[in-house]
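A short write-up of the structure that comes next.
Each reported figure results from applying straightforward, stated rules to the coordinates on display, with no laboratory input. Computed from a prediction, not measured in an experiment: that's the story for all the values here. For neighbour counting, all protein chains shown are included, and Cβ atoms are generated from backbone atoms with ideal geometry for every residue, glycine included.
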Amino acid sequence: MKPALSIVFFTVASGAGLGLLALLALADLCPVPLLSPAALPRGIAVALLLIAAGLASSVLHLAKPSNAWRAFVRVRTSWLSREAVLAALLFPLAFVYLVAVSFDSAGMARVLLAILVCALAWGLLFCTAMIYASLKPIRQWRTGWTPAAYLLLGHWSGALLAVALASGYGGEPMAWAWVAAALGAAALVAKLGYWRHGAADRGGKSALTIEQAIGVPQGVRPPGVSVAQARLFDAGHTQRTFLTDEFVFRIARQHAQALRGAALALGFAIPLLWLATGPRHWAAALSVAVLALVGLLAERWLFFADARHTVRLYHGDART
Amino acid sequence: MKLGLLIDLDTCVGCHACATACKEWNGASSVSGPLSDYQPFGAEPSGVWLNRVRHYEVGDYPASKTINFPMSCLHCEDADCVSVCPTGASYKRADGIVLVDQDKCMGCNLCAWACPYGARELDQSTGTMKKCTLCVDRIYDVLLPPEDRQPACVMACPTHARMFGDFDDPHSEVSRVSAERGGFGLLPELGYAPVNRYLPPREPKPLPGVDDARALLERGLASLASPVIRR
């Protein structure tokens, strides 16, 4: 799949924002104050900015954004529609919540808002992941690892931002560091699980072949031959098409490995190691969070670049 | 109703007439037109097509065969392109035709991602998704003579390798021929239940060998002459 930069940025930025928002709401529900009254509203504002920037970027992906308002009507079947509806619900609620937190209001309303905002953030993250995990033609994505990785990576990058908030504006940076480390480890497991699943699936029995795609088992073969291999002879066009641009994206193996290394180092290894070392300064915490987000951009770019769509069989790939 | 195409891989010669006829009709159609071209006279001409013909080699020489393989929307019964569409622009009609409402499409590409067959192409100039309409503006046009109420690709095919009809009706020509010749749908593994059917190549009749040639000579060359000439 072609890694559209607008979508790569959208999923990473919104993911971090939603993870941060969910964590802040949970922290607000926690009886022990994990963030100072100064840090919490600032955190919510940062989270909303990240989510808004991501959603704005996702609109850039649309070829006809003037029709984007129509995307709310098919919630019954479309994960993209569900995502749009949840996003539209999240913003007003989160804004009211931000106001409540800013005025440090106590009471049931704030608790209720925190629960609602957290649930909406989780729902939104899950919808984004399910857009990809529900697509049958892309086998690498059709696994529980996809939503697991999206949810955990969002919370992992959000937790790193929370560490920076707690160090800068007051709170419990050590507690946040523990939360972040646990989420980081879980996210790493989910991503490694996703990659393992993809590697195992590629050679697996259920992988589709070019022969299946053009009906060799159903009789599309030379007379008197029972088993035959097929190959593309001519694609019928001399230049790129929408299909080759969108689906027949190829990435050199060494580039993929270099990017995977960068994703692992920047996205996981360096932030986790930094969390293991003692005292924290807000500037260092923020730099590490930004570094992790850069690593996740590489990870997300690979998520698309590595995925192989069934259409590639018709363009000559031997297997999906 | 399950309107669709029956494509004969035995007689298709891969001439691309169906694809160009499709482009010609639908490019000027109000249902999904225009079908934009990018740099049509430049170094890298490209554009939107609703029907593409690819060519495959199956088996190894000398036991190999070239298969010409036209592909357009298969009008699946279980069409994921319709269910993933967030705007409701993609829809399936009661007669089985899957269409894109060009006024509602926002060009998010998700339907193209959900289609395993590559049947949908985004038109960069209109920003909307384009796909085979089964020439819905031909097949119901009562001003056309009945024999012309067929998709442009079917009308254009010089070897009659394409047939159009209702697969829901077991007595229709497409259902009958498909049953007779082992018509199959593409990638049943994915569960989209495509309506369009493909006919595998026939087993060829054995070529006349040396013995056959001798027998022919014995019967006299006259028997080879066409009845028309003899008369």
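Under 5 Å between amide H atoms, partner at least 5 residues away or on a different chain: which partners does B:Lys130 have, H built in plane at 1.01 Å?
The list, which skips near neighbours in sequence, is B:Glu121, B:Leu122, B:Asp123.
Specify the residue with the greatest mean-square fluctuation among B:Val195, B:Val136, B:Val174, computed from a Gaussian network of chain B linking alpha-carbon atoms under 10 Å apart.
It is B:Val136.
Go ahead and estimate [θ] at 222 nm for chain B from helices alone: -39,500 (n - 2.57) per DSSP H run with n ≥ 4, summed, over the residue count, rounded to 500.
Numbers: 8 runs with 51 residues, N = 231.
So the calculated ellipticity at 222 nm is -5000 deg cm²/dmol.
Lys and Arg at +1, Asp and Glu at -1: add these up for the other residues within a Cβ distance under 12 Å of A:Leu80 and post the number.
+2
With springs only between Cα atoms under 10 Å, which of A:Phe233, A:Phe72, A:Phe249 fluctuates most in a Gaussian network model of chain A?
Maximum among the listed residues: A:Phe233.
Which ordering of A:Leu125, A:Leu266 is given by a fewest-first count of other beta-carbon atoms within 10 Å? Could the numbers behind the result be given before it?
Values: A:Leu125 28, A:Leu266 21.
By the 10 Å Cβ count, ascending: A:Leu266, A:Leu125.
Quick check: the distance between the Cα centres of segment A:21-54 and segment A:111-178, to the nearest angstrom?
13
Once the Cβ-Cβ distance between A:Leu273 and A:Leu29 is put in as r, and R0 is 30 Å, what FRET efficiency do you end up with, to the nearest 0.05?
Working: r = 31 Å, r/R0 = 1.02.
Calculated transfer efficiency: 0.45.
B:Gln39 versus A:Arg319, label points 7 Å from Cα toward the beta carbon: distance in nm?
My value for the distance between the label points is 3.6 nm.
Cross-link candidates for B:Lys65: which lysines have Cα within less than 21 Å, leaving aside residues fewer than 8 places away along the same chain?
Filter leaves B:Lys205.
Would you mind checking A:Lys205/B:Lys130; A:Lys2/A:Lys136; A:Lys64/B:Lys131 for any pair whose Cα atoms are more than 25 angstrom apart? Kindly include the intermediate steps, with their values, before the conclusion.
On the way: A:Lys205/B:Lys130 34 Å; A:Lys2/A:Lys136 17 Å; A:Lys64/B:Lys131 17 Å.
Going by Cα-Cα distance, A:Lys205/B:Lys130 fall outside the 25 Å limit.
Work out from phi, with θ = phi - 60° and the Karplus expression 6.51 cos²θ - 1.76 cosθ + 1.60, the ³J(HN,Hα) of each residue of segment B:20-31, listed in order in whole Hz, and give x for Gly and Pro.
For segment B:20-31, the Karplus curve yields 6, 5, 4, 4, 5, 5, 6, x, 9, 8, 7, 6 Hz.
Around A:Ala190, what is the net charge, scoring Lys/Arg as +1 and Asp/Glu as -1 over all other residues with Cβ under 14 Å from its Cβ?
On the way: positive: A:Lys191, A:Arg196, A:Arg300; negative: A:Glu299.
It works out to a net charge of +2.
If the cut-off is a Cα-Cα distance under 12 Å, which aspartates and glutamates reach B:Lys92, setting aside same-chain residues fewer than 8 apart in sequence?
Within the straight-line cut-off, B:Lys92 pairs with B:Glu77, B:Asp78, B:Asp80, B:Asp101.
Which whole-number percentage describes the relative contact order of segment A:204-315, with Cα contacts under 8 Å and a sequence gap of 6 or more?
So the answer I get is 37 percent.
Indicate the helices, whole DSSP H runs only, in chain A that combine a mean Kyte-Doolittle hydropathy of 0.0 or more with a Cα extent along their long axis of 30 angstrom or more. Don't skip to the end; give the middle numbers.
Working: long enough: A:5-29 (36 Å, 2.04); A:39-60 (32 Å, 1.93); A:79-102 (33 Å, 1.70); A:108-133 (37 Å, 2.11); A:145-169 (35 Å, 1.00); A:173-202 (42 Å, 0.50); A:282-305 (34 Å, 1.78).
Span-like helices here: A:5-29, A:39-60, A:79-102, A:108-133, A:145-169, A:173-202, A:282-305.
Give me, ordered by chain and number, the residues 5 or more places off B:Ile97 or on other chains with an amide H under 5 Å from its own placed amide H.
B:Leu3
Count the net charge of all other residues whose Cβ sits under 13 Å from the Cβ of B:Val82, scoring Lys and Arg as +1 and Asp and Glu as -1.
+3
Based on Cβ point charges of +1 for Lys and Arg and -1 for Asp and Glu, what charge dipole magnitude is obtained for chain B about its Cα centre, in debye rounded to the nearest 20?
Working: 23 positive and 29 negative charges, 100 e Å.
In debye, rounded to 20, chain B gives about 480.
Below 8 Å between Cα atoms, with a sequence gap of 6+, how large is the relative contact order for chain A in percent?
Working: 467 pairs, mean separation 81.1, N = 320.
It comes to 25 percent, rounded to a whole number.
Which residue, A:Pro271, A:Pro222, A:Pro37, tops the fluctuation ranking in a GNM of chain A built on C-alpha contacts under 10 Å?
A:Pro222
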